[in-house]
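Some notes on the structure that comes next.
The values are calculated or read from the model by the stated rules, or taken from the named source; none is laboratory data. Only a predicted model underlies this, so the values are computations on that prediction, with no experimental measurement involved. Note: ideal-geometry Cβ built from the backbone for every residue, glycine included; neighbour counts use all protein chains shown.
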Amino acid sequence: MNNNEVLSKIKLFSLANSLTENELDKIESEFEIDLGRSEKKEIQHKSFYLQFSAEHRKEASMMAIHYEVFYCLEKSIRRLVVEMMEEKYGFNWWDRVKEDIRKNVDDNIKKEEDSGFTIRSESKIDYTTFGELSQIVIGNWDAFESLFKRGQRAFQKIMSNLNQLRGPIAHCCPLADDEIVRLELTVKDWFRLME
């Protein structure tokens, strides 16, 4: 067996394990049981955390996985936008972003600086809204058309769906069962865009 075959088998094993773990997570959640598969994450400041209702703590636990998925997705989209824009236009690519988006970003940065809080990022892309990310791509389609071969309409539809699904996740509302399925499908659609 050569190295490529070994790596392929390891990847398949890892994928099968991840899928099994995901299904066991769903069973634990659905039937409200603990199969004892892993240590529970300890939440810091338990003294205040336990003051929240059990219903809210349970809901937060169920929503955590959806937040994690969207966090990873959004971070990867932001990184992808930066990489593709730099590749096409160089390090001054930000100058190609529409003026209203640049102004909104500058306003957001100024508000954060004035707050006295820790600055979230040195990168302007991290101050754009999710909807603005889509506008940057569409406004500079020539930098992305080789990546998104299914075209602008497919890209816009998937980004619009993701933005709709992002709302409840970002604003602390539970996702309905249908929306959980829709999130899973839309994330798959996102990755299919780049095939």
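Numbers at a glance
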{"item": "Given (1) within 26 Å of Q164 (Cβ to Cβ); (2) modelled with pLDDT of 90 or more, index of the condition E30 fails", "result": "(2)"}
{"item": "Tabulated pairs, region 48-74, first outside the structural domain of D126 (by TED's automatic domain parsing), second among the basic types (K, R), C-beta under 8 angstrom, 6+ apart or interchain", "result": "Y49/R57"}
{"item": "Tabulated pairs, region 149-170, first aromatic (F, W, Y), second modelled with pLDDT of 95 or more and loosely packed, with under 15 Cβ neighbours inside 10 Å, C-beta under 8 angstrom, 6+ apart or interchain", "result": "F155/I138"}
{"item": "Selected residue (only one of E86, E68 is at pLDDT 95 or above, of a type in the set (D, E) and closer than 30 Å to S123 by Cα)", "result": "E86"}
